[in-house]
1. Per-residue HN-Hα couplings for the stretch 126-140, Karplus 6.51 cos²θ - 1.76 cosθ + 1.60 at θ = phi - 60°, whole Hz, x for Gly and Pro?
2. For residue 197 and residue 284, what is the calculated FRET efficiency with R₀ set at 56 Å and r taken between the beta-carbons, to the nearest 0.05?
3. Helix 329-354 versus the longest principal axis of the chain: what is the Cα-based angle in degrees, 0 to 90, to the nearest 10?
4. Given the stretch 28-269, what whole percent of its Cα pairs are spread farther than 24 Å?
5. Quickly work out the residue 173-to-residue 254 label distance, labels modelled 7 Å from Cα along the C-beta direction, and quote it in nm with one decimal.
6. Among 159/229; 44/107; 172/200; 41/155; 13/155; 13/159, which pairs are too far apart, with a Cα-Cα distance over 28 Å?
7. Can you send over the carbon and sulfur percentage of the accessible area for the stretch 280-368, probe radius 1.4 Å, protein chains only?
8. Between residue 73 and residue 25, how many nm apart are label points set 7 Å from Cα along the C-beta direction?
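The values are calculated or read from the model by the stated rules, or taken from the named source; none is laboratory data. The model shown is predicted, which means the values in this text are computed figures rather than measured ones. Cβ: placed from backbone, ideal geometry, glycine included. Neighbour counts: every protein chain shown. All accessible areas refer to the heavy atoms of the entire protein, side chains included, with ligands and DNA or RNA removed. Shrake-Rupley method; radii C 1.70, N 1.55, O 1.52, S 1.80 Å.
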Amino acid sequence: MEFTILKKSTKSKARRTRIVLPHGTIETPVYMPVGTNGSVKAIKHQDVADMGYRLILGNTYHLYLRPGIEVIKQAGGLHQFTSWPHNILTDSGGFQIFSLAPFRKIKEEGMYFRSHIDGSYHMLTPELAVQLQCGFRSDILMALDQCTAPGITEKEAVKAMEITHRWAARCKEEWLRCNDQWDGNLFGIVQGNFFKNLRKESAQFINDLDLPGIAIGGLSVGEEPPVFKDFLAYTCEYLDENKPHYLMGVGTPEYILEAFEDGVDMLDCVYATRIARNGAVFTHDGLLAMKKERFASDFAPIEEGCGCYTCRHYTRAFLRQMFKTNEIMGPMLATIHNLQFMYDLVEDIKKSIDNDCFKTFKKDFLSRYTGGERD
Ligand SMILES: [Zn+2]
């Protein structure tokens with residue numbers, strides 16, 4: 001994988017980079033929409049591509065359970081199966097087991113878990129996680145890791161970190177073995193819970209594995225915002241700067257700005273698409289809840305100046321009508337707007353880094369944007 005640093009900020013660690021992947025070149029910072037079951041929810045892949053997105057995420061846990069690896073292999077891989085010709089990053093499945101499986105047990109061999117769909121038992125080993133992702137023909141594959149919640153003891157955190165490291169090494173071995181079948185790029189994941197000594201140790205271990213990229217896991221898992229910021233900045237200090245940095249599962253505008261400032265290059269989150277399905281849409285002044293009474297005869301677009309399909313064709317009043325009547329069109333239109341908002345935000349961030357004014361951009365954006373719903 002070819003990785004080039006294009007530009008570095010002088011006043012922060014924000015940077016612009018280029019990553020050459022099997023299904024095309026991407027420039028960072030980049031935000032990745034999440035396509036859990038093979039689709040980004042409530043939007044066609046063509047519409048996602050038309051906005052400019054060239055890298056989306058797929059969830060191995062979901063795709064492994066349904067439709068299963070054999071169906072995806074028979075289809076010719078995940079790109080062909082889902083009609084997405086651009087890049088796909090898949091996670092290892094570990095995080096979903098952590099958050100969805102009704103039963104899970106961490107063993108040296110791997111993660112033993114029960115499916116949330118039909119109750120069947122499975123063992124996800126590091127080797128299987130890599131084989132599945134090679135079978136998907138993922139452009140970026142993630143190593144199997146053990147994510148932990150805040151509040152555990154240091155002893156428990158050490159145990160989870162050490163198993164994450166042993167699994168990462170096994171993933172690397174399997175990935176090298178599978179290289180002749182599919183030339184994807186494996187990223188290792190830094191863990192260490194909320195212990196700085198462990199975060200540092202984990203970053204150094206993953207750096208030393210010398211994989212194509214490095215991810216930060218186990219953040220934004222319920223900790224307070226100042227803790228998130230502190231641990232993110234601290235962890236980023238120790239990442240090999242000549243590798244892409246991927247912050248997993250983070251995606252509110254405030255957190256994205258924080259992450260890019262610390263030198264994160266890539267991130268993904270279901271936030272933009274999930275809140276859209278509940279009728280919440282982004283504006284530069286904060287979120288709007290489309291179901292509210294005050295939009296009943298508001299014939300303005302969601303946001304003046306937004307170039308998305310929704311804002312060019314529909315009013316707030318119409319969106320409210322769709323959400324109030326539970327029409328499928330509501331989530332569809334709101335998803336288009338929210339993904340366009342995120343895309344445009346990241347494009348603006350890129351420009352601000354190019355012009356070396358990222359910190360000013362961040363300050364200006366946050367002075368207007370209120371995270372909560374605007375009244
Ligand atoms: Zn719009």
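1. x, 5, 5, 4, 6, 4, 4, 5, 5, x, 6, 6, 5, 6, 10
2. On the way: r = 40 Å, r/R0 = 0.72.
That pair, residue 197 with residue 284, gives E of 0.90.
3. The helix 329-354 is inclined about 70 degrees to the chain.
4. Numbers: 12253 of 29161 pairs.
Tail of P(r) above 24 Å: 42 percent of Cα pairs.
5. Result for the modelled spin labels: 4.5 nm.
6. Details: 159/229 24 Å; 44/107 39 Å; 172/200 21 Å; 41/155 39 Å; 13/155 32 Å; 13/159 31 Å.
Long pairs (Cα-Cα over 28 Å): 44/107; 41/155; 13/155; 13/159.
7. Numbers: 2180 of 4200 Å².
About 52 percent, which is the carbon plus sulfur part of the accessible surface.
8. 3.4
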